[in-house]
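S.K.: Here's a structure for you.
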Amino acid sequence: MTQVEAPSNYLRLFKEFLRQSSINGLHPFLYPTPIRYAKALWLTLMAAIVVWTHVVIVNLTLEYLDQPTEIHMAPDLVHVANSPFPAVGVCTANKISQRLLRSYAVKLYHHQEKSKSNDESTLQRVALDVDDMAERLLVLAQFYLNPLDTPQLDEAQLQRLHWLLSSYHNDTGYSVRDILRQLSPDCGELIIRGIVYGSPVNTSQMFVKRPTSSNVCCIFNYRRPSYSQIAHIRAEDNAEMGAQPKVVFESNSILNSVQFVLQDTPEDDQTNTFMTNNAFQLTIFPQEDYATVQSTTLGEILVDHNTIVEIPIQPTFFSSSEGVRTVSPEARRCYFPEEGRKLINQSYYSIDECLLLCRSKSMMDHCGCVSPPMIGSSTDLKYCSLPDLPCLTKWKSIWYGYDEFAYLQEGESQAAQGQCTHCLPTCNGVSFRITSNVAPMRLNYNGTGYRTGLLKGLTNERPLAVIKFFFKLRFAQATKSELVSTWVVLLNRFGGILSLMYGFSIVSYIEIFYYLTGKWFVYICRAFTKRQPPRPVRGNNSLYWDELMPKGLGLRVPN
């Protein structure tokens, strides 16, 4: 094959591809045109279309790899009566009652003096007097997860106080969470009046006192079993919770809502426990969740003294079809109930529960124990005691320094939220959105107190506040997730884009591959064969088979 023949073969192959290809827009390259540079312009336009469509296809492919499915959320309206009323935690800034603290300090001091008189070598002196004992007991508040805590006692002093508490509790082990609960103000003193959908209620029966990660709070409408370390206290708490009346929706009117009057502790009953703001703290969360602002996705509301705070609550219902279940949790970004329970090995799952256990695990890895107020579900975890407090203080500095996980080695940097990426919301359930409207409370200056309404007979000698909870709207949005897109839908999109632009299809890709490989290979082989010298033929004359055939032999048909 000569040098002129090689390009002619390639050109012939290219023209054959243009002539026979099913791709639209290629035929104009075969025909002559009187317009100069017309084919060049047409080629530029075709190249731009091809590049643009394939950029779109690549982006769709990358989106599919990142999120392999598309889930359609169909909106609907559901009456809010179908929504459970959330739990409400009310906490005071005075974490430890001065009166209760001093009473407990007197008992410990007498026990210390009695133990010293019996055996000098058994127990070293912890405090010089009752006031000193009360001051040292304030170290128990450092088990709360407050970010600005600083060590108050050294390790030797903590060890002596630990021995004293163990001896006082008959060496059976003391529960810090139950001691903190014992020293906190009672719910009857904190929430003094209440109305639930127009009916006055006994607030001491409507609220239960439970420790949380940041305080001991009085919780309304709680449906979570007790997590006390002591069996009989756990049974009493569960019985108290079971006796609570259930809140049933009746109206979403602000005038006929859930209202409570809060009253703070007297000034002489307050202790200097780490809060610069004396406002009440409200935590709103699902009934079965652990009441802690460390995990709840709704956050915390501060209620200042002498204010009226209205809190509209708007539920949102969401569910997922069985088709969504076929998609992996990482792709659909949620767990079905049995998947979540299996993940955390608990009978109840929520994203807040998962975050709580994830953070408790980090504390367990760092210190070998969990801060007693932090234990929210399982009772088989090891509780931290006073000798573990320095490790917990260090852990909190890591926590609030955003390198907060226990297994984080020094010198490494890991984002806290990156350690709990396995915690996802549920696919079915109810979520809440809350807002707050604040108005000042009119102060009463006469000695008889307020004359009408929920505040009738109350005075401003102790700070007051009123909180009101109600459903914002009569109907709530309900969404159902349906699986509407898979790899087949993605393939259909590819075909639609390619067909719209230039009639392209998978067959077109096969044609291109065929002409670039198979057809081109055949042309090369034929060209290589023509380069071989012809075989010599005996004699000078060529004999053709047609010459041996009698004329008309093949045309006659015998009778």
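S.K.: Could you run through segment 184-213 and say how many residues are within 34 Å of the chain's Cα centre (by Cα) and on the phi > 0 side of the Ramachandran plot?
M.R.: 1
S.K.: To continue, here is another question. Yes or no: segment 379-388 includes at least one residue that is assigned to a strand (DSSP E or B) and in the same structural domain as Tyr290 (by the TED database).
M.R.: no
S.K.: Considering each of Ala156, Ala93, Ala134 in turn, give the residue that is free of Cβ contacts under 8 Å to residues at least 40 places away in the same chain and surrounded by fewer than 21 Cβ atoms within 10 Å (Cβ to Cβ).
M.R.: Ala156
S.K.: Just to be sure before I move on: is Leu454 surrounded by 15 or more Cβ atoms within 10 Å (Cβ to Cβ), in a helix (DSSP H, G or I) and touching a residue at least 60 places away in the same chain (Cβ under 8 Å) in the structure I sent?
M.R.: yes
S.K.: Please go through segment 17-52 and give me each residue that is of a type in the set (Lys, Arg) and in a helix (DSSP H, G or I), ordered by number. Reasoning before the result, please.
M.R.: In the first step, residues of segment 17-52 are kept if they are of a type in the set (Lys, Arg); the result is 19, 36, 39.
Result: Arg19, Lys39.
S.K.: Has segment 121-136 got any residue that is assigned to a helix (DSSP H, G or I) and polar (S, T, N, Q)?
M.R.: So the first thing to find is which residues in segment 121-136 are assigned to a helix (DSSP H, G or I), and the list is 130-136.
From the residues that got through so far, the ones that are polar (S, T, N, Q) too are none.
Scanning segment 121-136 turns up no residue that is assigned to a helix (DSSP H, G or I) and polar (S, T, N, Q).
S.K.: Further, regarding this structure: For segment 459-475, which positions are outside any strand (DSSP E or B) and of a type in the set (A, V, I, L, M, F, W, C)?
M.R.: If the condition is that a residue be outside any strand (DSSP E or B) and of a type in the set (A, V, I, L, M, F, W, C), then Leu473 is the only one that fits.
S.K.: Limited to segment 230-247, what total is found for residues that are surrounded by fewer than 10 Cβ atoms within 10 Å (Cβ to Cβ) and outside any helix (DSSP H, G or I)?
M.R.: Selection size over segment 230-247: 2.
S.K.: If we keep just the residues of segment 476-499 that are assigned to a strand (DSSP E or B) and in contact with a Pro (Cβ under 8 Å, 6 or more places away or on another chain), which is nearest to Arg333 (Cα to Cα)?
M.R.: If we take residues in segment 476-499 being assigned to a strand (DSSP E or B) and in contact with a Pro (Cβ under 8 Å, 6 or more places away or on another chain), then Thr479 is nearest to Arg333 (Cα to Cα).
S.K.: Also: Filtering segment 196-216 down to residues that are part of a strand (DSSP E or B) and out of contact with any Phe, Trp or Tyr (no Cβ under 8 Å at 6 or more places or on another chain), which residue is farthest from Gln142 (Cα to Cα)? Working first, answer last.
M.R.: To start, the set of residues in segment 196-216 that are part of a strand (DSSP E or B) comprises 196, 199-200, 207-211, 216.
Going one step further and asking which of them are out of contact with any Phe, Trp or Tyr (no Cβ under 8 Å at 6 or more places or on another chain), we end up with 196, 199-200, 209, 211, 216.
Values: Val196: 36, Ser199: 40, Pro200: 38, Lys209: 19, Pro211: 14, Val216: 13 Å.
Restricting to residues being part of a strand (DSSP E or B) and out of contact with any Phe, Trp or Tyr (no Cβ under 8 Å at 6 or more places or on another chain), the top hit is Ser199.
S.K.: Oh, and also: For segment 150-171, does any single residue satisfy the condition of being within 27 Å of Ile398 (Cβ to Cβ) and among the acidic types (Asp, Glu)?
M.R.: Yes, some residue in segment 150-171 is within 27 Å of Ile398 (Cβ to Cβ) and among the acidic types (Asp, Glu).
S.K.: Answer yes if at least one residue in segment 170-192 is in a strand (DSSP E or B) and either of a type in the set (Lys, Arg) or open to solvent by less than 10 Å² (accessible area, probe 1.4 Å) (or both), and no otherwise.
M.R.: Yes, there is a match, as at least one residue in segment 170-192 is in a strand (DSSP E or B) and either of a type in the set (Lys, Arg) or open to solvent by less than 10 Å² (accessible area, probe 1.4 Å) (or both).
S.K.: Further question on the same structure: Looking only at segment 333-344, decide whether some residue is within 28 Å of Asp388 (Cβ to Cβ), free of Cβ contacts under 8 Å to residues at least 24 places away in the same chain, open to solvent by 50 Å² or more (accessible area, probe 1.4 Å) and not assigned by the TED database to the domain that holds Phe432.
M.R.: no
The values are calculated or read from the model by the stated rules, or taken from the named source; none is laboratory data. Bear in mind that the values here come from a model prediction, so they are computed numbers and not experimental data. Glycine gets a Cβ as well: all are built from the backbone with ideal geometry, and neighbour counts include every protein chain shown. Quick note on the areas: whole protein, heavy atoms, side chains included, nothing else; ligands and nucleic acids left out. Shrake-Rupley method; radii C 1.70, N 1.55, O 1.52, S 1.80 Å.
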